[in-house]
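The values are calculated or read from the model by the stated rules, or taken from the named source; none is laboratory data. All values derive from a computational prediction rather than experimental measurement. Neighbour counts run over all protein chains shown; Cβ positions are idealised from the backbone, glycine included. Only protein heavy atoms, including side chains, enter the accessible area calculation; ligands, DNA and RNA are left aside. Shrake-Rupley method; radii C 1.70, N 1.55, O 1.52, S 1.80 Å.
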Amino acid sequence: MQAFGLPEDTASVRAVAARIDVIIFTNTVATASVVDAMERAVSTGELSELRVDQAATRVLRLLDRSGCG
């Protein structure tokens, strides 16, 4: 399965770089490749660790405010 014509791992990295904080996809077989792609993007500088931290902070803050965290 592809997301907007891109493999899930590529689409996920691009989405986070574009300030999308949550990646949701139904093809759980792709989970490992998405995680690997995110780690690779951070290690190569394509995606900053700060960007990932910002996304995680916003999601955790939202979960806390909603009582789910």
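Within the stretch 56-69, can you find the residues that are within 13 Å of the chain's Cα centre (by Cα) and open to solvent by 70 Å² or more (accessible area, probe 1.4 Å)?
Listed by number, the list holds a single entry, 58.
Name the single residue, out of those in the stretch 39-55 being within 11 Å of the chain's Cα centre (by Cα) and in contact (Cβ under 8 Å) with a residue 24 or more places away in the chain, that is most open to solvent (accessible area, probe 1.4 Å).
Only one residue tops the list, namely 52.
Just one of (1) aliphatic (A, V, I, L, M); (2) part of a loop (DSSP other than H, G, I, E, B); (3) in contact with a Gly (Cβ under 6 Å, 6 or more places away or on another chain) trips up residue 63, so point out which.
Answer for residue 63: the failing condition is (2).
Against the definition (at negative phi, at pLDDT below 95 and open to solvent by less than 50 Å² (accessible area, probe 1.4 Å)), how does residue 11 come out, yes or no?
Answer is yes for this residue.
Step by step: first the residues of the stretch 17-36, then only those that are more than 11 Å from the chain's Cα centre (by Cα) and in a loop (DSSP other than H, G, I, E, B), then the one that is farthest from residue 58 (Cα to Cα). Which residue is that?
So, considering only residues that are more than 11 Å from the chain's Cα centre (by Cα) and in a loop (DSSP other than H, G, I, E, B), the one farthest from residue 58 (Cα to Cα) is 27.
Among the residues of the stretch 29-69, count how many are touching a helix residue (DSSP H, G or I) at 6+ places or on another chain (Cβ under 7 Å) and β-branched (Val, Ile, Thr).
So the count comes out to 3.
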